[in-house]
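Asker: Structure provided below as structure tokens; questions to follow.
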Amino acid sequence: MRPLYLLREAMTNLRVHRGNVLIGIVTTAFTLVCFGVFVLLYLNLKNLTGTLQGDIEVVVYLDPGASEQVMSLVQKRLRTEPAAVALTFVSKEQALREFAEQFPEESLLLEGMDGNPLPASVVISLSPRFLDTESLGAFAERVKQLPGVTHVAYSQDWIDTLTLVVSYFELGAVVIGTILAVSTVTIIANTIRLSLYTRKEEIEILRLIGATGAFIAIPYVIEGTILGAVGGGLSLAVLKGIVEFFRLELSASGWFMGVEHMLPVFPKQVSFLLVMTGMLLGCGSSVLSVFGLMKVRN
Amino acid sequence: MRPLYLLREAMTNLRVHRGNVLIGIVTTAFTLVCFGVFVLLYLNLKNLTGTLQGDIEVVVYLDPGASEQVMSLVQKRLRTEPAAVALTFVSKEQALREFAEQFPEESLLLEGMDGNPLPASVVISLSPRFLDTESLGAFAERVKQLPGVTHVAYSQDWIDTLTLVVSYFELGAVVIGTILAVSTVTIIANTIRLSLYTRKEEIEILRLIGATGAFIAIPYVIEGTILGAVGGGLSLAVLKGIVEFFRLELSASGWFMGVEHMLPVFPKQVSFLLVMTGMLLGCGSSVLSVFGLMKVRN
Amino acid sequence: MIQLFHVSKFYDRCAALDDVSFRIDKGECVILTGPSGAGKTTLLKVIFGAEIPDTGQILVQNRNVARLRGRAIPYLRRTMGIVLQNFQLLPKKTVYENVVLPLVIQGVKRREARKRVVDVLTAVGMDHKQTIRTGVLSAGEQQRICIARAIVNSPILLLADEPTGNLDAALTVEIVELLKRIHAQGTTILLATHNQRVVEQMSGRVIHLQAGHVVIDEGATS
Amino acid sequence: MIQLFHVSKFYDRCAALDDVSFRIDKGECVILTGPSGAGKTTLLKVIFGAEIPDTGQILVQNRNVARLRGRAIPYLRRTMGIVLQNFQLLPKKTVYENVVLPLVIQGVKRREARKRVVDVLTAVGMDHKQTIRTGVLSAGEQQRICIARAIVNSPILLLADEPTGNLDAALTVEIVELLKRIHAQGTTILLATHNQRVVEQMSGRVIHLQAGHVVIDEGATS
Ligand SMILES: Nc1ncnc2c1ncn2[C@@H]1O[C@H](COP(=O)(O)OP(=O)(O)OP(=O)(O)O)[C@@H](O)[C@H]1O
Ligand SMILES: Nc1ncnc2c1ncn2[C@@H]1O[C@H](COP(=O)(O)OP(=O)(O)OP(=O)(O)O)[C@@H](O)[C@H]1O
Ligand SMILES: [Mg+2]
Ligand SMILES: [Mg+2]
């Protein structure tokens, strides 16, 4: 009879104190939305910088007089480098075409020339793990030693900038994320605590007639857990809505056609995280509050 | 005697219910911190895109055979364009130097050539107001008609991207900002409401002995306003701390040397906004709550 | 002073007041009796505007309480002293702060207020506990503080609901004597009580309620 | 059953209990009297563990209450029935839900619980209001619900603080008869009251407190 009684008691409390409960749910939901917005911004920006980092390339220029054999040897050696995740060979002819496309202005120049002065090259996509200036320099030095390589080009500036931006961004994420997490916990805990304060007398009366701590606490804890879970679910719905809105907006703009991975994402783990955070915070805060209120001996 | 009494009463309440008051202040502060982090991110990113937008240039190439007179006429006409905020004349010689610097690889080409095949040009910095594709197209068309101009170059792609990113960003700011603002108002109002619920009986007793609505409400409203102001001040301190932290971090990195305006900023208006928001929310919520509690006739 | 015309108050199961009509003139002293649940408290609440009757009209000092706008009620209550069965004190405030409150609300000067508070606290025998929070007082002490608060602003009308329920015989006699003195000074008194001794000692008009009906009205003036 | 050894409880100004020693045997019926603020409520609170005495020891059913760990107190209280002066009812729950609570806490089967609740509600004359929220009941009705809740689990010890303060004479007689029946069934009773009629009618041993001292202990067993 008792477990059932405690559950029914929790349900009754949720109904009787629906004003407080609603306030608790709304606060929990909104707080988690704030936190969720941040987490999603972080994940999506991280996603984006990942894409940008994939764009960084090292170009290895080959001796214009190098034989086919030498060129394939260079490529073979480059493939063994752990920093190189993808290689693309650009022949002299390709280089000329690309130059004409990229710099229509300056391509007039080429018209007056005999033959193709541009060298063949190998374009290397880099693993993000090797993106810092030092390892990149070492890598370039190594590659330069290979026979048939005239020199190695990469945009030092761009890499420095990106490294800095990424580390700036990570630092910001940690600082702001910590503050938001602490805020979330505090706000939800406080709301639940306040909503229990209004029932201090209830607890005193139950103590008077010999109810144990567990008997008093369990309905409140069930109540807090449900409240937190519903709040978490609500925040999930709101955040899903925001992300869907942006996906639609951006799909309609047509800009990201074919680059689907640049659309905002909503990882499954985030859904789980939100509801679990809500539940745990609801449960934890009510445990703390109710035992806090019971500590006074009476 | 009465105004003084009401003020003293508010002070006493703040002291007696310091638990609730502390919860209210912390919640207000943390909520405003969340909102403030967003506002600052927005302002700083906006600042940054502003800087980027300043980097967009239109290059007007001049007829290699144009006389000095024609060239200065073109510049004069360009100066009357509202879209052009700054003009830089690049002579044929400068153009060659810059090409050699920018493309050391391809500059070999130039060595084999007789004379300087590069044209003189005028580089125009654009007002951000004219950055969208249409007005830019119209501007380019107009400039093309000028005597002595061979053609006009600008990076269509880059401008499209930036326009899209900025509008995406503004949209995001509006959506997320609205949600956060609603959250802030809701959370703070709810916290104050909950903390007044615990004093429902107090209000009933005052009603019983003939206290008017104003007499009952004023101390609560003073209390709420102080609570909100202190919460706002606290959030201000936290946010200032975060911004200072990043400024120091970034200054130390040395990367922004000389580009001080790219360091994170903390506009004065934000300080004012935070404290005022806290106060107004504190005041408004207590007014609503206390009159809500008094509505019941007894 | 007070006139009730066919006042009724119904709850889902029962009528707390059922067609109650009577009239209390200025300066009268009326004792309200009746068994538990007869409607005594409800009758008092209807008079000071905490409950609105379902039917009927109530005039208190020529104002129609049932129709009074919410904003006018505080001013009506300032002319009354009210003692309820569940002591309505601010538990975290001291005895002095509780009793002085009606005077603060009416803007009485501090010195004058202090004098009056000390007087009434002495009258109920609680002047030695002025600075104690009322929340920790004994039941009888709280009851006396309520009486003190009700009479501190010399009300025109005193409504008291079982004001001696937690007092011993000696104190009850003292309180009744106090009420008689106040009555002698012109205050109209309506006192609900179970205590037969109080009824005898007050020696006023007795209205006996039973299940919401007035069954006895000794010495009715009309 | 209950033994107090030199129990004192001091507050900043006064002693609520001052060197109180007595012993109540199983099956006794003891009436606690004394003027307002004498320490009656404090004495009861010390016995059921809501207040801890500053000095002295209390044995209740051979357990040292003052030293009892917090977790043991609920189990001690389940053997007692407690009626306080400020009715401690859950105002949003119905009469039935309030009275059945001690049985729910002890895990009594639902059918058995229902029977017992109906019995005690009938005994206090409140069985017709089972489904009404206690918050809206009259003072006397609430007081009777408290008595019903205190006796519903047939306690070994009944502590009652002024249980008839809001009841009329006829109901007081009924409640006293009820308490006498319960006492006859073997329950030890400690009853604090101001009502001289109750003292006479209960006809048990009388302990008279004054300013925290035991001044009379008629029929003390030691
Ligand atoms: N909201 C309500 N719903 C249902 N019944 C109610 C409500 N309010 C009051 N009652 C009933 O109205 C009746 C009259 O209550 P009232 O408090 O006036 O009695 P009383 O004469 O003061 O009794 P007592 O002497 O016990 O104080 C009681 O039976 C009570 O249960
Ligand atoms: N926390 C406290 N601080 C100061 N004094 C207190 C405190 N608690 C109780 N007292 C005082 O202790 C005394 C005894 O109180 P108690 O409630 O035991 O009296 P009582 O005999 O039950 O009186 P009554 O018949 O009026 O109920 C009272 O004078 C009360 O004011
Ligand atoms: Mg009553
Ligand atoms: Mg007492």
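Asker: I'd like the residue in region D:160-186 that is of a type in the set (D, E, K, R) and within 16 Å of ligand 3 (Cβ to nearest atom) and, out of all such residues, is surrounded by the most Cβ atoms within 10 Å (Cβ to Cβ).
Answerer: If we filter region D:160-186 for residues that are of a type in the set (D, E, K, R), which is where we start, we get D:161-162, D:168, D:174, D:177, D:180-181.
Still in the list and also within 16 Å of ligand 3 (Cβ to nearest atom): D:162, D:168.
Working: D:GLU162: 23, D:ASP168: 19.
Out of the qualifying residues, it is D:GLU162.
Asker: Yes or no: B:LEU227 modelled with pLDDT under 85, more than 14 Å from chain C (Cβ to nearest Cβ) and over 18 Å from A:VAL182 (Cβ atoms)?
Answerer: No.
Asker: Given B:LEU171, B:LEU131, B:LEU126, which one is loosely packed, with under 15 Cβ neighbours inside 10 Å and either in the same structural domain as B:LYS76 (by TED's automatic domain parsing) or at pLDDT 75 or above (or both)?
Answerer: B:LEU171
Asker: Condition test on C:ARG114, is it away from ligand 1 (no atom under 16 Å from the Cβ), at pLDDT 90 or above, surrounded by fewer than 20 Cβ atoms within 10 Å (Cβ to Cβ) and outside any loop (DSSP other than H, G, I, E, B)?
Answerer: yes
Asker: While we're here: Pull out all pairs, ordered by first then second residue, where Cβ-Cβ is under 6 Å, the residues are six or more apart or on different chains, the first lies in region C:78-103 and is small (Gly, Ala, Ser), and the second is more than 16 Å from ligand 4 (Cβ to nearest atom).
Answerer: Qualifying pairs under 6 Å: C:GLY81/C:ALA150; C:GLY81/C:ILE151; C:GLY81/C:PRO155; C:GLY81/C:LEU158.
Asker: Inspect region A:19-36 for any residue being over 18 Å from A:LEU281 (Cα atoms) and modelled with pLDDT of 80 or more and give the result as yes or no.
Answerer: no
Asker: Residues to consider are D:GLU141, D:GLU51; find the one that is without any contact (Cβ under 8 Å) to a residue 40 or more places away in the chain, closer than 18 Å to D:ASP161 by Cβ and under 19 Å from the mean Cα position of the chain (by Cα). Steps first, answer last, please.
Answerer: Values: D:GLU51 fails: without any contact (Cβ under 8 Å) to a residue 40 or more places away in the chain.
Result: D:GLU141 is the single residue among D:GLU141, D:GLU51 that is without any contact (Cβ under 8 Å) to a residue 40 or more places away in the chain, closer than 18 Å to D:ASP161 by Cβ and under 19 Å from the mean Cα position of the chain (by Cα).
Asker: Tell me which residues, restricted to region B:68-88, are free of Cβ contacts under 8 Å to residues at least 40 places away in the same chain and either assigned to a helix (DSSP H, G or I) or exposed (fewer than 15 other Cβ atoms within 10 Å of the Cβ) (or both).
Answerer: B:GLU68, B:GLN69, B:SER72, B:LYS76, B:ARG79, B:THR80, B:ALA86, B:THR88
Asker: For region C:4-16, state whether one or more residues are away from ligand 4 (no atom under 16 Å from the Cβ) and closer than 19 Å to C:PRO155 by Cα.
Answerer: Scanning region C:4-16 turns up no residue that is away from ligand 4 (no atom under 16 Å from the Cβ) and closer than 19 Å to C:PRO155 by Cα.
Asker: Can D:GLU218 be described as more than 16 Å from ligand 2 (Cβ to nearest atom), more than 16 Å from D:GLY125 (Cα to Cα) and free of Cβ contacts under 8 Å to residues at least 24 places away in the same chain?
Answerer: Details: more than 16 Å from ligand 2 (Cβ to nearest atom): yes; more than 16 Å from D:GLY125 (Cα to Cα): yes; free of Cβ contacts under 8 Å to residues at least 24 places away in the same chain: yes.
In short, yes.
Asker: Consider region D:18-57. How many of its residues are buried (at least 21 other Cβ atoms within 10 Å of the Cβ) and on the phi > 0 side of the Ramachandran plot?
Answerer: 4
Asker: Please find, within region A:192-230, the residue that is surrounded by the fewest Cβ atoms within 10 Å (Cβ to Cβ) out of those that are touching a residue at least 24 places away in the same chain (Cβ under 8 Å) and small (Gly, Ala, Ser).
Answerer: In this case the residue turns out to be A:GLY213.
Asker: Next question. Just for region C:31-44: of the residues that are touching a Lys or Arg at 6+ places or on another chain (Cβ under 9 Å) and part of a helix (DSSP H, G or I), which one is nearest to ligand 1 (Cβ to nearest atom)? Spell out how you get there, then give the answer.
Answerer: Filtering region C:31-44 for residues touching a Lys or Arg at 6+ places or on another chain (Cβ under 9 Å) gives C:31-34, C:36-37, C:39, C:42-43.
Still in the list and also part of a helix (DSSP H, G or I): C:42-43.
Numbers: C:THR42: 3, C:LEU43: 7 Å.
Going through the qualifying residues, I end up with C:THR42.
Asker: Let me ask something else. Collect the residues in region D:119-133 that are touching a helix residue (DSSP H, G or I) at 6+ places or on another chain (Cβ under 7 Å) and either more than 19 Å from D:ILE175 (Cα to Cα) or within 16 Å of ligand 2 (Cβ to nearest atom) (or both), keeping them in residue-number order.
Answerer: Within region D:119-133, D:THR131, D:ILE132 meet the criteria.
Asker: If I filter region C:169-180 for residues that are free of Cβ contacts under 8 Å to residues at least 12 places away in the same chain and more than 19 Å from D:ALA139 (Cβ to Cβ), do I get at least one hit?
Answerer: Within region C:169-180, one or more residues are free of Cβ contacts under 8 Å to residues at least 12 places away in the same chain and more than 19 Å from D:ALA139 (Cβ to Cβ).
Asker: Still on this structure, please answer the following. Tell me, yes or no, whether region C:96-107 has at least one residue that is under 28 Å from C:GLY165 (Cα atoms), of a type in the set (Val, Ile, Thr) and either within 16 Å of ligand 2 (Cβ to nearest atom) or not in a strand (DSSP E or B) (or both).
Answerer: Yes, there is a match, as at least one residue in region C:96-107 is under 28 Å from C:GLY165 (Cα atoms), of a type in the set (Val, Ile, Thr) and either within 16 Å of ligand 2 (Cβ to nearest atom) or not in a strand (DSSP E or B) (or both).
Asker: Does any residue in region B:90-113 that is within 14 Å of A:LEU118 (Cα to Cα) and assigned by TED's automatic domain parsing to the domain that holds B:ASP63 come within less than 8 Å, Cβ to Cβ, of a residue that is at pLDDT below 60 and exposed (fewer than 14 other Cβ atoms within 10 Å of the Cβ) six or more places away or on a different chain, and which pairs are these?
Answerer: Final answer for the pair search is B:LEU109/A:MET113; B:GLY112/A:MET113.
Asker: Name the single residue that is nearest to ligand 4 (Cβ to nearest atom) among those in region C:160-188 being away from chain D (no Cβ under 14 Å) and of a type in the set (Gly, Ala, Ser). Explain how you work it out, then say what you get.
Answerer: The initial filter retains those residues of region C:160-188 that are away from chain D (no Cβ under 14 Å), namely C:176-188.
The next check asks that each one be of a type in the set (Gly, Ala, Ser); those that pass are C:184, C:186.
Numbers: C:ALA184: 31, C:GLY186: 34 Å.
Among residues in region C:160-188 that are away from chain D (no Cβ under 14 Å) and of a type in the set (Gly, Ala, Ser), the one nearest to ligand 4 (Cβ to nearest atom) is C:ALA184.
Asker: So C:ARG71 clears everything in (1) at the interface with another protein chain (Cβ under 8 Å from one of its Cβ atoms); (2) closer than 26 Å to D:LEU137 by Cβ except one condition, right? Which one?
Answerer: For C:ARG71, the failing item is (2).
Asker: Assigned to a loop (DSSP other than H, G, I, E, B), away from chain D (no Cβ under 14 Å), within 16 Å of ligand 1 (Cβ to nearest atom) and not small (Gly, Ala, Ser): is that true of C:ILE82 in this structure?
Answerer: Spelling it out, it is not the case that C:ILE82 is assigned to a loop (DSSP other than H, G, I, E, B), away from chain D (no Cβ under 14 Å), within 16 Å of ligand 1 (Cβ to nearest atom) and not small (Gly, Ala, Ser).
Asker: Pull up region C:120-159, narrow it to residues that are of a type in the set (Ser, Thr, Tyr) and more than 15 Å from ligand 4 (Cβ to nearest atom), then point me to the one that is surrounded by the most Cβ atoms within 10 Å (Cβ to Cβ).
Answerer: Ranking the candidates gives C:SER154 first.
Asker: Here's something else I'd like to know. Among the numbered criteria (1) closer than 23 Å to D:ALA192 by Cα; (2) of a type in the set (Ser, Thr, Tyr); (3) within 14 Å of chain C (Cβ to nearest Cβ), which single criterion is violated by D:SER21?
Answerer: (3)
Asker: While we're on this one: Restricting the first residue to region D:9-28 and requiring it to be under 13 Å from D:VAL46 (Cβ atoms), which pairs with a second residue that is of a type in the set (S, T, N, Q) and not in a strand (DSSP E or B) meet a Cβ separation below 6 Å and a spacing of at least six or different chains?
Answerer: D:LYS9/D:THR42; D:ALA16/D:THR42; D:LEU17/D:THR42
Asker: Here is a follow-up. Go through the residues of region D:53-66 one by one and say whether even a single one is within 14 Å of another protein chain (Cβ to nearest Cβ), over 24 Å from A:ARG207 (Cα atoms) and away from ligand 1 (no atom under 16 Å from the Cβ).
Answerer: no
Asker: Out of region C:131-166, which residues are within 16 Å of ligand 1 (Cβ to nearest atom) and assigned to a loop (DSSP other than H, G, I, E, B)? Quick ask: steps written out before the conclusion?
Answerer: To start, the set of residues in region C:131-166 that are within 16 Å of ligand 1 (Cβ to nearest atom) comprises C:139, C:143, C:146, C:159-166.
Within region C:131-166, C:GLU162, C:PRO163, C:THR164, C:GLY165, C:ASN166 qualify.
Asker: With the requirement that a residue be in a loop (DSSP other than H, G, I, E, B) and more than 22 Å from B:ALA211 (Cβ to Cβ), what does region C:47-68 give you?
Answerer: Listed by number, the residues that qualify are C:PRO53, C:ASP54, C:ASN62.
Asker: Restrict the check to region B:257-269 and report whether at least one residue is at pLDDT 85 or above, farther than 20 Å from A:GLY19 by Cα and assigned by TED's automatic domain parsing to the domain that holds B:LEU43.
Answerer: No, region B:257-269 contains no residue that is at pLDDT 85 or above, farther than 20 Å from A:GLY19 by Cα and assigned by TED's automatic domain parsing to the domain that holds B:LEU43.
Asker: OK, next. Could you identify the single residue in D:VAL83, D:VAL108, D:VAL95, D:VAL60 that is over 20 Å from the mean Cα position of the chain (by Cα) and surrounded by 15 or more Cβ atoms within 10 Å (Cβ to Cβ)?
Answerer: The unique qualifying residue is D:VAL108.
The values are calculated or read from the model by the stated rules, or taken from the named source; none is laboratory data. Just so you know, these numbers come straight off a predicted model, no measurement behind them. In this analysis, Cβ positions are derived from the backbone assuming ideal geometry, glycine residues included, and neighbour counts consider all displayed protein chains.
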